[in-house]
1. Mind checking Rg over Rh on the chain, alpha carbons, Kirkwood formula for Rh?
2. Just read off the accessible area of residue 74 with the full protein assembly in place, 1.4 Å probe, to the nearest 10 Å².
3. For 45, 157, 54, give the ranking by accessible area with the largest first, probe 1.4 Å.
4. For the full complex of protein chains and a 1.4 angstrom probe, list 78, 28, 141 by accessible area with the highest value first.
5. Applying 1/(1 + (r/R0)^6) with R0 = 35 Å to the Cβ-Cβ distance of residue 66 and residue 39, what FRET efficiency is obtained, to the nearest 0.05?
6. Would you please calculate the Kirkwood hydrodynamic radius of segment 83-162 over all C-alpha pairs and express it in Å, rounded to one decimal?
7. If 129, 33 are ordered by their accessible area, calculated over protein heavy atoms with a 1.4 Å probe, which sequence runs from highest to lowest?
Amino acid sequence: MSRIAVVPGSFDPVTLGHLDVIGRAAGLFDELHVVVVHNPDKSALLPIAQRVALLEQSIAAAGLPQNIVVTSWSVGLLVDYCTDVGASVLIKGIRSQVDVTYETPMAIVNRDLAGVETIFMLPDPAHAHVSSSLVRQVAALGGDVSPYVPRAVAEFLQTPVR
Ligand code: PNS
């Protein structure tokens, strides 16, 4: 039986920290689904389809394994997606104790709802301070986001809107 895991997130936009976790997780499972989910608690910068496209470009450019599928999910519970594709594990990147506090209740509820376990993964500490919200703020104010995001994202965010 193949082992399938899901990395969910807003990915608005994908950062180098996300990419690091995705690469590590892809090495541990037969199939890894990277799922863009709308988070109603956050105001979005990019449309979902754009986030998916930037993830695909960034994963390809980084030469990550071919067992990664990028998709989005907007109907119902995240664990419904997991059940649909036969995934029994969710992967969450943990930068600090703040992330543990935020993620722990969701991990327990997802296990209660559908028996889906959550694995917390530690990214390279070099990315511990990087978040999509920080990237959105720096980009909105005209700063250089290239140290924090894949090249495709930096180019996209720094292309002037015509
Ligand atoms: O990148 P983010 O914004 O921290 O990702 C949060 C996300 C999308 C993973 C989280 O909001 C989530 O899991 N949403 C799915 C909705 C759901 O199923 N909720 C009920 C159980 S927690």
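1. 0.95
2. Around 110 Å² of this residue is reachable by solvent.
3. 45, 157, 54
4. 141, 28, 78
5. 0.80
6. Hydrodynamic radius (Kirkwood, Cα only) of segment 83-162 equals 15.0 Å.
7. The ordering from most to least exposed comes out as 129, 33.
The values are calculated or read from the model by the stated rules, or taken from the named source; none is laboratory data. Keep in mind that what you see is a predicted model, and the values were worked out from it rather than measured. We place every Cβ from the backbone using ideal geometry, glycine too, and count neighbours over all the protein chains shown. To get the accessible areas, we keep the full protein, side chains included, count just its heavy atoms, and leave off ligands, DNA and RNA. Shrake-Rupley method; radii C 1.70, N 1.55, O 1.52, S 1.80 Å.
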